[in-house]
Structure formats: C-alpha cells, structure tokens
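See structure below.
What follows is calculated from the coordinates using simple rules that are stated; it is not laboratory data. These numbers come from a predicted model, not from an experiment. Methodologically, a virtual Cβ is constructed for each residue, glycine included, from the backbone with ideal geometry; neighbour enumeration extends over all protein chains shown.
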C-alpha cells in the first residue's frame with residue numbers, strides 16, 4: 001500500500017464552523033506533513049510531525065490545529081476560518097524526517113481536501 | 001535565500017519531446033525532485049536525482065543536472081495527452097535532510113493532439 005488517503009475530498013464550511021480534515025497512511029512512515037496549496041501555486045508547508053511529535057509549525061495561525069493520534073493518522077482541526085483560507089489542503093508522509101544527509105525523504109502526497117470557506 | 005524558478009507554461013504536440021527547466025539557488029541541496037500534479041489531485045513524485053549525479057533516466061523521463069549552473073531539467077520523450085499537468089521542481093535544503101522541500105512555481109504542460 002503506497003497510498004496516503006485524505007477525507008473528505010471536498011469541504012464547504014462557514015466562518016463559525018468547526019471541522020476536521022483527516023489523513024491516513026499505512027506505509028509505516030514516521031513523518032507526516034500538512035501543506036496548503038492555492039490555485040496555480042506551489043504547496044506551502046504548514047506542519048511537520050515526526051514520530052507523532054510536532055517538529056515544525058511554519059507560523060500557522062492558531063485557527064488551524066494539527067493532531068497526530070498515532071503514527072498512521074494525522075488530523076487538521078479547523079475553527080473560525082476566513083475566506084482566504086480556502087485552498088487545497090494536502091497531507092504527505094515520508095519514511096523519516098531530519099535524518100542523515102544521504103537519506104532521500106521522498107514525500108508521498110494524498111489527493112487533498114478542497115476547502116471552501118464562506 | 002532559497003529559491004526555485006521555473007517557466008510557467010509549455011505547449012507541445014503529442015509525440016514530441018517536452019523539456020521543462022528549473023533553476024535553484026541552494027548549492028547544498030542533496031536531492032532534487034520532479035513532481036506531477038493533475039487537476040484536482042495531489043502531487044505525484046515522478047523522479048528524483050541525487051546531487052552527485054549528472055543524469056538519471058527512467059523510461060520516458062530523463063533528468064539532467066548541471067550542478068555548476070544550478071540547473072535541472074526534465075525531458076519527457078514521446079509526450080502523450082495524459083502528460084498534461086503541472087510539473088513542480090523541488091529541492092530539499094538544509095544540513096541533513098530536513099524533509100523541507102522548496103518548490104518552484106510549477107510549469108503547466110499542455111499537450112496538443
């Protein structure tokens with residue numbers, strides 16, 4: 001299994017709603033990532049989890065709250081979002097993170113959740 | 001600072017070769033990657049090259065790396081309509097591989113029948 005599965009595929013929410021995005025992988029990867037991608041732009045890193053601990057937070061607003069319940073699952077809790085937060089949210093995983101120079105940290109991406117905030 | 005640049009658009013005829021170019025700035029990059037993104041989908045790793053290599057071939061894909069000029073290219077032979085997508089070049093940066101990728105802006109490849 002070389003898949004990263006994200007749910008839901010599409011989400012529409014109001015600015016007062018609370019919702020969660022989910023991501024799952026069964027490749028035994030120990031690093032998981034959240035990226036945000038606006039249309040026609042490259043993905044921007046938001047968070048990195050390594051061995052279920054938050055390793056990187058790229059100064060993401062607190063209305064985005066990541067959670068890593070176990071090594072296979074990654075959630076992104078959303079609360080009080082703004083319309084400018086509408087984007088494709090991509091989850092990715094890699095075998096390891098922050099390893100040796102020779103390590104090739106190939107990222108495997110999910111298909112994303114297309115989020116619209118009204 | 002770290003920067004990866006690509007041209008934004010390339011149009012080719014089916015059956016022709018496509019060459020997508022990328023320049024990067026971080027000379028300490030250990031790996032350079034090419035990702036493909038089809039509409040409404042996530043990124044698919046196409047191929048990668050280690051920085052001590054000049055060339056890597058994988059079926060219809062050929063990656064060329066000119067480390068002196070910090071120039072990377074992806075050649076797709078016999079381009080098909082299914083190759084139409086956005087192609088992102090990316091470098092991994094930092095001492096040790098931090099898993100932090102710096103992506104280019106993406107090149108939209110349009111393949112005409």
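Mind grabbing the base-10 log of I(q)/I(0) for the protein assembly as shown at q = 0.12, 0.14, 0.16 Å⁻¹? Debye formula, identical points on the C-alpha positions, no solvent, two decimal places. Debye output, listed in q order: -0.67, -0.90, -1.14.
Peptide B:41-47 has a mean of 6 when you count, residue by residue, the C-beta atoms of other protein chains within 10 Å of its C-beta. Neighbouring Cβ atoms from other chains, within 10 Å of the Cβ of residues in A:108-116, number 3 on average. Label-to-label distance, residue A:52 versus residue A:39, with points set 7 angstrom from Cα along the beta-carbon direction: 4.0 nm. Projecting label points 7 angstrom from Cα along Cα→Cβ for residue B:44 and residue B:59 puts them 0.9 nm apart. When the Cα centres of the range A:1-50 and the range B:44-113 are compared, how far apart do they sit, in Å? Centre-to-centre (Cα) distance: 23 Å. Between residue B:19 and residue A:16, the FRET efficiency estimated from the beta carbon spacing at R0 = 41 angstrom works out to 0.25.
Measuring r between the beta carbons of residue B:68 and residue A:106 and using R0 = 25 Å, the FRET efficiency lands at 0.45. What's the Kirkwood radius of the range A:12-69 in Å, using all Cα pairs? Evaluated on the range A:12-69, it is 13.1 Å. Would you work out if chain A is rounded, prolate or oblate? Take a ≥ b ≥ c from the square roots of the eigenvalues of the alpha-carbon gyration tensor; rounded if a/c is under 1.5, else prolate when a/b is larger than b/c, oblate otherwise. Prolate shape, in that a/c is at least 1.5 and a/b is the bigger ratio. Between residue B:75 and residue A:59, the FRET efficiency estimated from the beta carbon spacing at R0 = 25 angstrom works out to 0.10.
Based on the Kirkwood radius over alpha-carbon pairs, what value in µm²/s does the Stokes-Einstein equation return for the translational diffusion coefficient of chain B at 37 °C and 0.692 mPa s?
Details: Rh = 14.1 Å.
Answer from the Stokes-Einstein relation: 232 µm²/s.
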